[in-house]
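The values are calculated or read from the model by the stated rules, or taken from the named source; none is laboratory data. Everything numeric in this text was worked out from a predicted model, so none of it was measured. Heads up, the Cβs are rebuilt from the backbone with ideal geometry, glycines too, and the neighbour counts pull from every protein chain shown.
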Amino acid sequence: MTPDHSPHAVLDELAGHPHGDDLARVVHTAAFAAADERRTTLEGGLAELVDRAGLSAADAETRFGNVIRALERGTSEGAGSATRVLLATLLARGVALSPPEGPDAEGRVAEALVWLATYTSVDALTALDAALGERAAGLWRAVAALVRRADQGALPQLGRAGAIIAAAALRGSASPDARAEAAALVDEVRDPIVRSRRGARRAPRPRAATPRRATRGRAGTRAGRRATAGRRGGSRASCRRRRAGRWRSCCWRRPGSCWRCTPPGSRGGSSCGTAGRPRWRSARGA
């Protein structure tokens, strides 16, 4: 959802619209009638609602689209479209104009909103925080109660799909009450999908420190060994591996003592071990 297609942007548009609240009441009435009758379309009785409100098609024009035509199209709009955000915000604004009073009323409104978000394209749960602010706390508690009941199989009209939608709304809300409810439900829900939508993000597991060989300064690196070998004298110039840029451990630990690398007749007394450690032998070629 882009900032231009956000609930806050729609609310700003409605604040300056001459019929903003009237349009919100029309959407609110049409949506709750569809939820009560378990209809997945919102155009039923729309013409009567518009006439009763004294609105025309021109009065329903906004920069996000025409409200009446959006209600007629219903679920044909794609997710994230401007008209879907428009209808969702209008429905949330309608709830704000007639807020539920008491836990029972909040439960009925929350159930209707979750059903609409599950089976229609109007998801007002995403706009509750913008439209109601702190007044949405009771609705979020009611939504959490619906998740508990649906997980226990006590809400067949919502089912698992409704529980997933409600859980996602709780987790996506910026309300402290919604976050608190989501955290409280982590250990109460048995459905793994619903639980994954509400659980708090786990911190990444710290990686165990990899033990490393202790080194002393720059001499422990390959570049350091080259530099150190260059400062310890010219007897290493005879090493056959100098051109390849690699020094055997015996060449930089004890210059001139490797019988493999030094020329015949030179004084030496060590050989290069396969693990990079010198093992001493008797002198050869002395």
- Could you give every pair whose Cβ atoms fall below 9 Å, whose first residue belongs to segment 107-121 and is free of Cβ contacts under 8 Å to residues at least 24 places away in the same chain, and whose second residue is crowded, with 19+ Cβ neighbours inside 10 Å and of a type in the set (A, V, I, L, M), counting only separations of at least 6 or pairs across chains? ARG108/ALA142
- Task: Name the one entry in ALA166, ALA137 that is farther than 17 Å from LEU90 by Cα, crowded, with 24+ Cβ neighbours inside 10 Å and at pLDDT 90 or above.
- Result: ALA166
- Selected residue (only one of ALA112, ALA82, ALA58, ALA130 is surrounded by fewer than 22 Cβ atoms within 10 Å (Cβ to Cβ) and either within 13 Å of VAL26 (Cα to Cα) or out of contact with any helix residue (DSSP H, G or I) (no Cβ under 8 Å at 6 or more places or on another chain) (or both)): ALA58
- Only one of LEU23, LEU49 is of a type outside the set (D, E, K, R), assigned by TED's automatic domain parsing to the domain that holds TRP115, at pLDDT 95 or above and within 17 Å of GLY94 (Cβ to Cβ), namely LEU23
- Item | In segment 9-43, the residues that are buried (at least 21 other Cβ atoms within 10 Å of the Cβ) and either assigned to a loop (DSSP other than H, G, I, E, B) or of a type in the set (S, T, N, Q) (or both) | LEU42
